[in-house]
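**Q** I'd like to ask you about the structure that follows.
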Amino acid sequence: MDSLARLDHLHLWHPFTQMRDWLDREPIVIVEGRGAVLRDSRGREYLDGNSSIWTNLHGHNHPRLNAALGAQARRIAHSSALGLANEPASRLAARLVSLAAPAGGARPPADPPAPRLEKVFFSDDGSTAIEVALKLAHETARRLDDRSKPRVLSLDGAYHGDTIGAVSAGHIDLFHQTWSRLLFRTDKVMAPYCYRCRFNRASPQRQDARDYRRCGWECLDEVEKRLERGRKSRNPYTAFFFEPLVQGAAGIIPQPPGWLRRATDLARGFGARLVADEVMTGFGRTGCHLVGQAAGSATPGLFACQAEGVVPDFLAVAKGLTGGYLPMAATLTTAEVFGAFLGEYEEFRTFFHGHSFTGNQLGAATALASLDLLEGRASVEARRRLEAALRFELARLWDLPQVGDVRQVGLVVGVELVSDWRRRTPFDLRERAGIRVCEAMVRHGVLTRPVGNVVVLIPPYCTMPAQARQMVAALHAAIRETLGT
């Protein structure tokens, strides 16, 4: 066994991993990366098929990100945000606020007017960004809306992180069962899962279920009914948490066009503030959505919410914020929320929450360089080419009877494996179908991880069309080898 792998077996405990299985085999030890390619300690190369757990945007070892990180390291790596400000964090906050603003005319004027995101609270990762949003939403409802017991609504199957508040806000049954004694109650409502929706009257076809669904938007009726029940209980929901356009850890579940706008309009109409979890979907991951077309100045929006003109009260970002280089997160919110925490020192209205590395200079400087890349014409065009290449290559998967649904939102792909596509019959999780397919993909030079029976492809933006072809070909071959024809 490789010496590094032996050290791993002796001392490391990996996340979301059954360590008994892990210790039965030699792990792949990654030692180097460049572009979309990773290299292990034995010199073998692999394509990074999930952007190193959905974080890496521009590829590994990017010269401009390396330069930004190095230049900042030569000045200062970190200083406290408690009582001190710093240059990169201040500039990054202003940049994020600018990017989150709807460009002129992206959506007709609302009544009441849509909120404006103006304030940024930095933290460390997606879970902490959601934890910040949860605490702020809770206290704002108490202070401004006079709600003694604020209530949270989120989508069935939602994943919002692993801290106690974030797990409570999410609704993955396994997590709630595991940590039930630690969690507080939040409510869930039906998510729009077209492929397995009980309201979808269409028979299975060989295309994305969103394209052939037959329904009357009953999923939105369920949202409205839940909100109405909350209002009748005299304790209406004060916050609605959602992942815009696609739910990630739920199984790459995309929302049909128009659902996001309608669902958030309903929630706001019932008085709930909107909490958008863009930890996975942000920074161009869901495609090049044009904003500002009515003003004649269309530009690619970097957030999924902008695809349907939704402006939340809280916007949580992480993962790709630094281009996948350093752990850093941010929660954007409004002047109204910020104002709820202003007061005299002795009133103790301060937001009593913080992180030692809040506003870290290395992370902020790298994030600024990443945003420069994202807004550049070359990156925009590369993302469009990659999205089109994936769409073309994925079509070949429909000839496999073990493929039930192929779902793509921009540069996010989920391929749901089934034992019988005509009946949408899922594999029993004990068969480990998704895991086995991903293990077979390793032998074809592609690394990724499944979500249950859904194989995920989320490549870095630098991935070339030929590399996208190799990723899909590896998946095709792995399904045939593992699950048979």
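Derivation of every value follows stated rules applied to the coordinates shown; laboratory data play no part. Only a predicted model underlies this, so the values are computations on that prediction, with no experimental measurement involved. Neighbour counts are summed over all protein chains in view; Cβ atoms, including those assigned to glycine, are modelled from backbone coordinates with ideal geometry.
**Q** Restricting the count to DSSP beta bridges whose residues both fall in region 87-375, what percent are antiparallel, rounded to a multiple of 5?
**A** 55 percent
**Q** Cut-off 12 Å, label point 7 angstrom out along Cα-to-Cβ of residue 163: give me the residues of region 233-259 whose amide nitrogen falls inside.
**A** In region 233-259, the label zone of residue 163 (backbone N under 12 Å from the point 7 Å along Cα→Cβ) covers no residue.
**Q** Would you tally the net charge around residue 417, using a Cβ to Cβ cut-off of less than 15 Å, leaving residue 417 out, and scoring K and R as +1, D and E as -1?
**A** +3
**Q** Taking a ≥ b ≥ c as the square roots of the eigenvalues of the Cα gyration tensor of region 176-256, is the shape rounded (a/c under 1.5), prolate (a/b larger than b/c) or oblate?
**A** On the way: a/c = 2.58, a/b = 1.54, b/c = 1.68.
Cα axes put region 176-256 in the oblate bin.
**Q** Then there is this: Remind me, relative contact order of the chain in percent, using alpha carbon pairs under 8 angstrom and six or more residues apart? Walk me through the numbers before you get to the answer.
**A** On the way: 925 pairs, mean separation 103.1, N = 485.
Relative contact order for the chain comes out at 21 percent.
**Q** So what's the back-of-envelope 222 nm ellipticity for the chain, counting only DSSP H runs of four-plus at -39500 (n - 2.57) apiece and dividing by all residues, rounded to 500? Don't skip to the answer; put the middle values down first.
**A** Values: 16 runs with 171 residues, N = 485.
Helix-only estimate at 222 nm: -10500 deg cm²/dmol.
**Q** Also, I was wondering about something else. For 222, 344, what's the fewest-to-most ordering of other Cβ within 10 Å of each Cβ? Working shown, then result.
**A** On the way: 222 16, 344 7.
The most exposed by this proxy come first: 344, 222.
**Q** If you don't mind, there's one more thing I want to ask. Give, as a single signed number, the net charge of other residues whose beta carbon lies under 9 Å from the beta carbon of residue 226, with Lys and Arg counted +1 and Asp and Glu -1.
**A** Net local charge, residue 226 excluded: -1.
**Q** Report, ordered by chain and residue number, the aspartates and glutamates lying within cross-link reach of residue 225, taken as a straight Cα distance under 18 Å and ignoring same-chain residues fewer than 8 apart.
**A** Excluding near neighbours in sequence, the set is 156, 187, 265.
**Q** What lysines does residue 319 reach when the alpha-carbon gap must be under 24 Å and sequence neighbours fewer than 8 apart in one chain are set aside?
**A** 119, 135
**Q** Just one of (i) 23.6, 72; (ii) 22.3, 71; (iii) 27.6, 89 is Rg and Dmax of the Cα atoms in Å as worked out from the coordinates here. Which one is it?
**A** (ii)
**Q** Place +1 on the Cβ of every Lys and Arg and -1 on the Cβ of every Asp and Glu in the chain, take the dipole about the Cα centre, and give the residue among 475, 66, 256 whose Cα lies farthest towards its positive end.
**A** 256
**Q** Provide 10, 4 in ascending order of the number of other Cβ atoms located within 10 Å of each residue's Cβ, fewest first.
**A** Ordered from fewest to most neighbouring Cβ atoms within 10 Å, 10, 4 come out as 10, 4.
**Q** While we're looking at this one, here's another question. All other residues with a Cβ under 9 Å from the Cβ of residue 353 taken together, and with Lys, Arg as +1 and Asp, Glu as -1, what is their net charge? Intermediate values should be presented prior to the final figure.
**A** Details: positive: 135; negative: 131.
Taking every other residue near residue 353 into account, the sum is 0.
**Q** Looking at the square roots a ≥ b ≥ c of the eigenvalues of the Cα gyration tensor of region 87-375, which shape do they give, rounded for a/c under 1.5, prolate if a/b is larger than b/c, or oblate? Write out the running numbers ahead of the final one.
**A** Values: a/c = 1.45, a/b = 1.16, b/c = 1.25.
Rounded, because the longest to shortest axis ratio a/c is under 1.5.
**Q** Neighbour counts of other C-beta atoms within 10 Å: give me 219, 197 arranged from fewest to most. Can you show the working numbers first?
**A** Details: 219 24, 197 18.
So the ranking, lowest neighbour count to highest, is 197, 219.
**Q** Ok, one more. Kindly list the residues of region 260-282 that lie in the label zone of residue 351, defined by a backbone N under 19 Å from the point 7 Å along the Cα-to-C-beta vector.
**A** 273-279
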